[in-house]
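What follows is calculated from the coordinates using simple rules that are stated; it is not laboratory data. Quick caveat: nothing in here was measured; it's all calculated off a predicted structure. Here the Cβ positions follow ideal geometry from the backbone for every residue, glycine too, while neighbour counts run over all protein chains shown.
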């Protein structure tokens with residue numbers, strides 16, 4: 001049986017980084033003014049940051065139709081029996097629905113997993129699915145293991161550029177002004193409980209209180225050394241290290257990894273944002 005393993009640049013990785021492992025990654029699109037970029041192909045992480053520094057409004061969308069057609073034509077030509085996909089979550093993008101629609105059109109079985117988020121857990125899931133399938137683990141067991149990982153996952157966001165949120169239409173000018181005057185620091189969350197949509201977890205008055213809120217939420221979620229913890233940032237590596245140290249101080253035997261926040265999320269959160277994603281390791 002020929003199986004194609006499919007994801008997208010919500011993982012923060014480009015196509016080349018995954019194709020050596022027999023995983024296909026479709027680039028999501030990021031548009032600026034009248035220019036469309038294929039994420040992580042012709043728009044790198046640093047280039048995305050540079051655009052944010054120029055106070056550009058970045059819009060994101062699902063992979064170009066031509067890229068999807070090219071993928072399915074290749075699948076048909078190579079007699080692909082099944083596509084197993086872990087795309088950016090349905091709550092953030094229509095990519096999953098589009099893939100399923102094309103699979104039906106091309107009469108190829110397609111199984112999609114919704115992580116209810118994106119980034120590291122998305123990459124981890126597609127890698128594990130491929131690994132376990134190659135090891136002849138039954139699909140029922142694979143599905144159960146992946147769903148357990150997804151259920152344990154939470155992502156917390158600490159955006160600091162409220163003016164960017166205002167420019168992008170994700171925060172009204174009045175709300176941005178009031179929040180700035182009152183020095184309100186929002187703590188956002190996205191997970192299975194929010195159906196993959198970004199929700200407000202808390203509004204606090206200082207960044208230090210926001211960090212305290214993050215630690216409390218992690219404790220409520222039962223985070224311990226069996227969890228993988230990622231601290232991502234948008235051009236604030238020092239802040240990410242400080243946040244990681246706060247996590248280490250509150251949890252025994254954890255080792256957060258620090259990475260740049262993937263472009264398709266950074267485009268909406270703006271410069272300085274920190275994100276904490278954690279999920280139970282297999």
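Stretched out straight at 0.36 nm per residue, the stretch from residue 258 to residue 65 would grow longer than its current Cα-Cα span by 66.2 nm.
Using 0.36 nm per residue of separation minus the Cα-Cα distance, give me the extension gain between residue 98 and residue 35 in nm, one decimal. It would help to have the intermediate numbers written out before the result.
Working: separation 63, 0.36 × 63 = 22.68 nm, distance 2.24 nm.
Contour length minus the Cα-Cα distance gives 20.4 nm.
Based on the Cα atoms of segment 154-280, what semi-axes does the equivalent ellipsoid have, where each is the square root of 5 times one gyration tensor eigenvalue, given in whole Å with the largest first? Don't skip to the end; give the middle numbers.
Numbers: eigenvalues 115, 42, 41 Å².
In descending order, the three semi-axes are 24, 14, 14 Å.
Taking all C-alpha pairs of segment 82-150, those more than 17 Å from each other amount to 42 percent. Alpha carbon centre of segment 130-163 versus segment 14-60: separation in Å? Segment 130-163 and segment 14-60 have Cα centres separated by 23 Å.
With contacts taken as Cα pairs under 8 Å at a separation of at least 6 residues, the chain carries a relative contact order of 20 percent.
So what is log10(I(q)/I(0)) for segment 1-100 at q = 0.15, 0.22, 0.25 1/Å, when the Debye sum runs over its Cα atoms only? Taken in order of the listed q values, log10 I(q)/I(0) reads -0.62, -1.19, -1.43.
What is the Rg over Rh value, at two decimals, for the chain, using alpha-carbon atoms and the Kirkwood definition of Rh? Spell out each step's value before the answer.
Values: Rg = 19.0 Å, Rh = 19.5 Å.
With Rh from the inverse mean 1/r over Cα pairs, Rg/Rh is 0.97.
Between residue 144 and residue 226, the C-beta separation translates, for a Förster distance of 25 Å, into a calculated FRET efficiency of about 0.90. For the pair residue 16 and residue 42, label points projected 7 Å from Cα toward Cβ lie 1.6 nm apart. Label-to-label distance for residue 195 and residue 1 is 3.1 nm, based on points extended 7 Å past Cα in the beta-carbon direction.
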